[in-house]
């Protein structure tokens, strides 16, 4: 379906667990076709949070996912985060670890003429998944990321 939309030059979006490299290939194909790709990446501090939420969903009549799949997908998606962000024209990073403060924007960048313009949020330093899987990798690859605001 996505390939057909690309060929037809139609706008589209998709939601995914993002645990497979084929998602990167779709993003790359979209860029090659002239699309501006936007990445909205939502994660939690731990796969245990995700396991609990799936268990809760199941008790409310929703579908189940085996805990080993939840954990493997959690780490697989984080392992693809940096590469996905390199493909994206704009990337938005959200933390969804707590029910009290869901979907907290913790980082954003936009590529303008190949240069990333960063807008880090004040609570980003409280999210170790973002620091470990994005900021650390970005700095190791020579990306200039401003210090996280207080």
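Derivation of every value follows stated rules applied to the coordinates shown; laboratory data play no part. All of these numbers come straight from a predicted model, not from anything done at the bench.
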Check: Which percent, nearest 5, of DSSP beta bridges in the chain are antiparallel?
Finding: 65 percent
Notebook entry, point to check: Per 10 Å bin, what is the whole-percent P(r) computed from every C-alpha pair distance within the chain?
Noted result: 10, 37, 34, 17, 2
Check: In whole percent, what relative contact order does segment 1-90 give with Cα contacts below 8 Å and a gap of six or more residues?
Finding: 42 percent
Item checked: Expected 222 nm ellipticity per residue - DSSP helices of 4 or more, -39500 (n - 2.57), all of the chain, to 500 -> -11500 deg cm²/dmol
Note to self: So for the chain, averaging the separation of alpha carbon pairs under 8 Å that are six or more residues apart and normalising by length, what relative contact order in percent results?
What the structure shows: 22 percent
Note to self: Which residue fluctuates most in the GNM of the chain (Cα springs below 10 Å): 86, 60, 104?
What the structure shows: 60
